[in-house]
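**Q** I have a structure here, written as C-alpha cells, and I will follow up with some questions on it.
Each reported figure results from applying straightforward, stated rules to the coordinates on display, with no laboratory input. Bear in mind the structure is a predicted one, so any value in this text is a computation, not a measurement. Note that we place each Cβ from the backbone using ideal geometry, even for glycine, and neighbour counts take in every protein chain shown.
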C-alpha cells in the first residue's frame, strides 16, 4: 500500500509540474520579449490579483494563446491591448487608463491619505490644547470622601 501511495503521489506531482510549462516558439527574440511584457501587463480575470504570466487558470491559458497568436500575426502592442480591453474591459489592464470611470482608482488612495493626515493633525492639536488641571488638596479630600462613601454603600 505504501508503494502505491508513493507512486500515486509522484504521478500527481509530475502531472502538475508538466501542466504549468508552456513552450512557445517565436520568430525573434523581440517577439518573445513583447510576449513576456504583454503577459506582465494583462491581469488574469479569474485570479484578479495575478497577471497572465503567473496564472494557471484556464482563461489565462486561453488569453496567453491569443496574445501569442496576435504577436505572431504582426499585431502591435497597442492593437493587442485594444483588443483585450474591447473584449474584457479596463479591468484586464494592471494600469487602467485615467477616465471618468476609473478616476476613483487613481485618486482614492490620495484622498484617503490626506483625510487620515487631516484627522491626525486635528487630534494632535486638540490634545495639545487640552487643559491639564491638577487637584487641590481640598479636591483630593472631597474625592477621597466620595470614594469612601461609595465603598460603604457597596458593602
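**Q** Does segment 59-100 come out rounded, prolate or oblate by the C-alpha gyration tensor, with a ≥ b ≥ c the root eigenvalues, rounded set by a/c under 1.5 and, if not, prolate when a/b is larger than b/c and oblate if not?
**A** Verdict is oblate for segment 59-100.
**Q** Once you place label points 7 Å from the Cα toward the Cβ at residue 83 and residue 47, how far apart are they in nm?
**A** 2.2 nm
**Q** Kindly put 34, 43 in sequence by how many other C-beta atoms sit within 10 Å of each C-beta, fewest to most.
**A** By the 10 Å Cβ count, ascending, the order reads 34, 43.
**Q** Under a crude label model (7 Å from the Cα following the beta-carbon direction), how far is residue 65 from residue 111 in nanometres?
**A** Spacing of the two 7 Å Cα→Cβ label points: 4.2 nm.
**Q** Rounded, prolate or oblate: which fits segment 19-92 when a ≥ b ≥ c are the square roots of the eigenvalues of the alpha-carbon gyration tensor, with rounded for a/c under 1.5 and prolate only if a/b beats b/c?
**A** Taking the square roots of the gyration eigenvalues as a ≥ b ≥ c, segment 19-92 is oblate.
**Q** Okay, moving on. Determine Rg/Rh for segment 29-155; Rg is computed over alpha-carbon atoms and Rh is the Kirkwood hydrodynamic estimate from the same atoms.
**A** My calculation of the ratio gives 1.55.
**Q** Using the count of nearby Cβ atoms within 10 Å as a rough guide to exposure, how do 62, 77 rank from fewest to most?
**A** Going from least to most buried by this count: 62, 77.
**Q** I've got another one for you. Starting from 0 in steps of 5 Å, tell me what percent of the Cα-Cα pairs of segment 103-154 lands in each bin.
**A** Calculated over all Cα pairs of segment 103-154, the distribution is 4, 16, 10, 10, 9, 9, 8, 8, 7, 7, 5, 6, 2 percent.
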